[in-house]
Amino acid sequence: MMDQEFILLGLLRQGPKHGYEIKVKVREILSLFAGVRLKSIYYPLKILEKKGLLAKAVVKKGKRPARFVYCLTSVGKARFEALLNKSLLDFKRPQFTLDLSLYFLSYLPVNLARRRLAARLSILKKISLGIEKLLNSRDLKGSLPHSRILEHNLCLLRAESVFLSSLLKKI
């Protein structure tokens with residue numbers, strides 16, 4: 001719940017939102033970077049409201065049905081800041097699918113292992129080029145958070161590419 005709580009509070013720190021708007025943001029934006037998938041948005045919001053971190057108001061615009069709009073309380077803002085500070089200093093080891101493959105790599109014939117690693121390297125380079133294009137595009141110019149996340153991901157992709165290139169020379 002800690003990651004969910006951090007994400008929901010962070011999105012509401014940007015301003016009040018209704019549940020569907022939060023769900024769309026999580027699905028379209030944060031799932032790309034954080035690998036987060038929320039099956040239910042309303043249950044976690046209800047829990048955060050019970051904890052006093054959120055306030056809920058009924059809002060009706062025009063002929064549309066009434067919706068619940070959520071906003072942070074002062075307690076919610078303080079909790080978000082605490083989670084943000086904790087997150088910045090949290091050093092969980094990143095888990096890469098490649099690590100398990102490397103552990104069992106000796107079970108593949110060398111030629112096949114080399115081809116698979118070379119294919120992975122090729123895919124990493126294509127993804128890196130896509131991120132570089134996105135970073136240089138006009139679409140991203142106004143979004144500092146997205147730029148920072150993409151730059152971080154690009155660094156990780158480049159590091160893995162350097163590692164794979166070196167490994168391919170060794171086997």
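Each value in this text was obtained by applying a stated rule to the coordinates, not by laboratory testing. Please read these numbers as outputs of a predicted model, since none were measured by experiment. Methodologically, a virtual Cβ is constructed for each residue, glycine included, from the backbone with ideal geometry; neighbour enumeration extends over all protein chains shown.
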ask   = Among Val26, Val69, Val58, whose mean-square fluctuation peaks in a Gaussian network model of the chain (Cα, cutoff 10 Å)?
value = Val58
query = Per 5 Å bin, what is the whole-percent P(r) computed from every C-alpha pair distance within segment 66-105?
reply = 5, 17, 12, 11, 11, 10, 10, 9, 7, 5, 2, 0
remark   = With the dipole of the chain defined by +1 on each Lys or Arg Cβ and -1 on each Asp or Glu Cβ, the option from Tyr43, Leu88, Leu156 whose Cα lies farthest towards the positive pole is Tyr43
query = For segment 2-88, rounded, prolate or oblate, judged on the Cα gyration tensor with a ≥ b ≥ c (square roots of eigenvalues), a/c < 1.5 rounded, else prolate if a/b > b/c?
reply = oblate
query = In segment 2-88, with Lys and Arg counted as +1 and Asp and Glu as -1 at Cβ, which of these residues, Val75, Gly15, Val58, has the Cα nearest the positive end of the dipole, that is, farthest along it?
reply = Val58
query = Which percent of the Cα-Cα distances in segment 64-171 go past 25 Å?
reply = 50
query = Per-residue ellipticity at 222 nm for the chain, helices alone: DSSP H runs ≥ 4 residues times -39500 (n - 2.57), over residue total, nearest 500 deg cm²/dmol?
reply = -20000 deg cm²/dmol
